[in-house]
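So the structure is just underneath, and the comments pick up after that.
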Amino acid sequence: MNLRTLLLLGAGLAPALAIDYPHATAEPQKTGWPLTPEERAYILTAEHERRPGRESGKHLPDLWPVVPSAGNWGGSSWLDVHTKLVEQVEACKGPVDVLLVGDSITLQWGDSWARNFPQFKAMNIGIGGDKTQNVLWRLDHGGVAGLEPKAMVLMIGNNNMFFTPETGIEAAASGIAMCVRNLREKFPQARLILAKILPAHEPGNRFYEDIKKTNAALDPLKLEDDPNVRVLDLWSDFTKPDGTLRQELFIPDRIHLSVEGYAVYAARLRPLF
């Protein structure tokens, strides 16, 4: 069974003990929390040393986005952030209105979420710099255990663009779809809103163009064939007719959102909630 078929068949399945990922790394603890000493030692090595294929001396970049891998900023800092999020999740087990999953764009909702959605109890598990493979690892290692979300918002993939020259576009899109599958298996009753990757930089920039191609590559995966999945395309909300960014919606790095940008994002989410 090829990866695309695996992803399509995954939509709407009943919860499983673990997703059957397309590759098994040398990781000693594939799921669960707390971590064993062996697992902690393993994930504190550099992330590139743990990529799929390294255990057998192979270069398999098309598998990087779809196989769980803990992040690493050097030392234990990434794991420390994840541990704090797990502690927050454990303290709030049970029903939540919205589970927010993603990278720094999700993390930085901050006060903008409270202003736009004061009526919702939300759990935000965004971590800056995360790629699809990092989100997959967190979901499988205590990141959402015990939660009962009514709705979920996933935005991930921006940081995968650093690696698309090696992984290719299709693999990046498949990584996003694998995150969708993971969340749907864990929370089959919850509505999942997948927000496509926001534009960044400017037309002609490789990052910008690869984001656009990755978003387009999601369409053939037909994620909305699952009635509990909605795909939200925000591209035209954040760009001008000529494709350039609406600068007022971004901070100067042309990646992260301003307060006005989060207001636009919230306005598109509100009808779906």
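Quick notes
- Peptides 132-142, 53-63 ordered by average Cβ neighbours within 10 Å, highest first: 132-142, 53-63
- Helix screen, the chain: no DSSP H segment has Cα axial length of 24 Å or more and mean Kyte-Doolittle hydropathy at least 0.5.
- Peptides 230-237, 171-178, 95-102 ranked from most to least packed by the mean count of surrounding Cβ atoms within 10 Å: 171-178, 95-102, 230-237.
- Average Cα contact separation per residue, the range 29-269, under 8 Å, 6 or more apart, as relative contact order %: 18
- Considering only 110, 70, 83, and ranking their Cα positions along the charge dipole of the range 65-111 that arises from unit charges at the beta-carbon of Lys, Arg, Asp and Glu, the one farthest toward the positive end is 70.
- Summing +1 for each Lys or Arg and -1 for each Asp or Glu among the other residues whose beta-carbon sits under 12 angstrom from that of residue 159 gives -3.
- Leading residue at positive end of dipole, the range 29-269 (Cβ point charges), from 208, 176, 45: 176
- Residue 239 long-range amide H proximity, modeled H, under 5 Å: 246
- Calculated mean residue ellipticity at 222 nm for the chain: -10500 deg cm²/dmol, from DSSP H runs with n ≥ 4 weighted as -39500 (n - 2.57), summed, divided by the residue count and rounded to 500.
- Rounded to the nearest 20 debye, the dipole magnitude of the range 29-269 is 300 debye, with +1 charges on Lys and Arg beta carbons, -1 on Asp and Glu beta carbons, and the Cα centre as origin.
Where a number appears in this text, it was derived from the coordinates with a stated rule and is not lab data. From a predicted model like this one, the values you see are computed outputs, not experimental measurements. Here the Cβ is made from the backbone with ideal geometry for all residues, glycine too, and neighbour counts use every protein chain on show.
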